[in-house]
Amino acid sequence: MKSIGGNARPLQVLLVEDSPGDVRLTREVFREANMSINLHVVSDGVEAIAFLRHEGAHVHAPRPDLILLDLNLPKMDGRKVLAHIKGDDSLKRIPTIILTTSESELDIVKSYQLQANCYLSKPVQLDAFESLVRSINDFWLTKVKLPNRRPDESSIDRPKSSSSSKMTPETPTVSREGQRGEQVALPRMSRD
């Protein structure tokens, strides 16, 4: 795990937004708040998928550290983009924040069902919008610890445990009921 805010490399943020005004404001606030952000912008859902899959004009696109996703997009709805991201093993670890004008309870529930990491409603006042974008930077790009960027890494960092406990591959497992009633195998902790 890494804290991307303290990292020397530029942060890659994908903004999926069709409003030129919102794009301009987001770009300006990020530029003022955090010079280490490379903001990549796509204006519709189809282009977002192409960016994430490195297709067409986006063949050399970087893997984003964070995705800011509007719901009401041309060509492909943001909900479908979110479903694609969270349904793809190589993309689902990328934190995806819904940033939309919708305050509909149905949109909020559906976004969380599709595993959005957070749902933010865009305020209509300029200063409130700027404050919201700054808070995204302050939390998601400064404080949050995220997995390494590349999904093809052979080892995934595990949470640190106390020095007296360790997990071993041959350690027996304990079963418990998962979220949907399925059985989940959990490794037992052994004490040395």
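The values are calculated or read from the model by the stated rules, or taken from the named source; none is laboratory data. Keep in mind that this is a model prediction, so the values were computed, not measured. Glycine gets a Cβ as well: all are built from the backbone with ideal geometry, and neighbour counts include every protein chain shown.
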(request) Specify the residue that is nearest to the chain's Cα centre (by Cα); the eligible residues are those in segment 91-124 that are under 18 Å from residue 23 (Cβ atoms), assigned to a strand (DSSP E or B) and not hydrophobic (A, V, I, L, M, F, W, C). (result) 96
(request) Just need a number here: residues in segment 94-125 that are touching a strand residue (DSSP E or B) at 6+ places or on another chain (Cβ under 9 Å) and either surrounded by fewer than 14 Cβ atoms within 10 Å (Cβ to Cβ) or more than 12 Å from residue 83 (Cβ to Cβ) (or both). (result) 19
(message) Among the residues of segment 24-33, are any closer than 23 Å to residue 112 by Cβ, surrounded by fewer than 16 Cβ atoms within 10 Å (Cβ to Cβ) and not basic (Lys, Arg)?
(response) no
(message) Suppose we filter segment 49-82 for residues that are hydrophobic (A, V, I, L, M, F, W, C), surrounded by fewer than 16 Cβ atoms within 10 Å (Cβ to Cβ) and either touching a residue at least 24 places away in the same chain (Cβ under 8 Å) or touching a Phe, Trp or Tyr at 6+ places or on another chain (Cβ under 6 Å) (or both); how many remain?
(response) 0
(request) Sort out which residues of segment 64-113 are over 21 Å from residue 37 (Cβ atoms), touching a helix residue (DSSP H, G or I) at 6+ places or on another chain (Cβ under 9 Å) and of a type in the set (Asp, Glu), and write them in order of number. (result) 77, 88, 107
(message) Given the options 141, 82, name the one that is modelled with pLDDT under 95 and of a type outside the set (S, T, N, Q).
(response) 141
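Give segment 33-48 a look and list any residue that's assigned to a loop (DSSP other than H, G, I, E, B), without any contact (Cβ under 8 Å) to a residue 60 or more places away in the chain and touching a strand residue (DSSP E or B) at 6+ places or on another chain (Cβ under 9 Å), or say none. Lay out the reasoning, then the answer.
Going through segment 33-48, the residues assigned to a loop (DSSP other than H, G, I, E, B) turn out to be 34-36, 43-44.
The next check asks that each one be without any contact (Cβ under 8 Å) to a residue 60 or more places away in the chain; those that pass are 35-36, 43-44.
Passing the criteria: 36, 43, 44.
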